[in-house]
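The values are calculated or read from the model by the stated rules, or taken from the named source; none is laboratory data. What you see is a predicted model, and the numbers here were worked out from it, not measured in a lab. Cβ placement follows ideal geometry from the backbone for every residue including glycine, while neighbour counts extend to all protein chains displayed. The accessibility values were calculated without ligands, DNA or RNA, using every heavy atom of the protein model including side chains. Shrake-Rupley method; radii C 1.70, N 1.55, O 1.52, S 1.80 Å.
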Amino acid sequence: MLLVILEKNIKLKKPVMFVANSCAEGLGNLKGTRQILNDFGEHIEKLYTFDGRINVIGNVSVGSHRYKVTIKTKGGHSYSLFGNRNANAVLANIISDIYRLELPEKDHTKTLYKVGTISGGTSVNMISKEAEMLCGSYETNA
């Protein structure tokens, strides 16, 4: 679009800002979109965003909740402290429970959830004392 405007020397009635960001990951930081709105929001009359679905036009926003969940246990050496709670195992159980949840059923609303990243532990010989995940839930008009 920008190239067409430049090549055809099209005169615009209002300023236009073209912004490319990489995605909507993390704890809602939107990889730059939030900052653009913080910096220029009072000047933005319309905002269009394009996602990976070329053949679909959405005209409603997605309500999302994002969470960073951290599990902390005593941990320790796998031989001398065998039997201590393992933060990775606790987190794995929580994730299994999440994926057994039933989605709410509402007319014209789609709800989903996911665990996006998992990390934890220090070495193969250690009982993990800390593990974390980023997860989210989303609801939108289907």
Looking only at residues in segment 94-116 that are surrounded by 11 or more Cβ atoms within 10 Å (Cβ to Cβ) and within 30 Å of SER80 (Cα to Cα), which one is farthest from the chain's Cα centre (by Cα)?
-> ILE94
Give the residues of segment 114-142 that are part of a strand (DSSP E or B) and hydrophobic (A, V, I, L, M, F, W, C), sorted by residue number.
-> VAL115, ILE118, MET126, ILE127, ALA131, MET133, LEU134, CYS135
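Within segment 1-48, can you find the residues that are in a helix (DSSP H, G or I) and either modelled with pLDDT under 65 or of a type in the set (Lys, Arg) (or both)?
Keep residues of segment 1-48 that are in a helix (DSSP H, G or I), which gives 2-7, 30-43.
Passing the criteria: LEU30, LYS31, ARG34.
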Which condition number in (1) open to solvent by less than 100 Å² (accessible area, probe 1.4 Å); (2) modelled with pLDDT of 85 or more; (3) assigned to a loop (DSSP other than H, G, I, E, B) is the one that ASN88 fails?
-> (3)
Which condition does ASP51 not pass, out of (1) open to solvent by 100 Å² or more (accessible area, probe 1.4 Å); (2) modelled with pLDDT of 85 or more; (3) under 20 Å from TYR113 (Cα atoms), if it passes all the others?
-> (2)
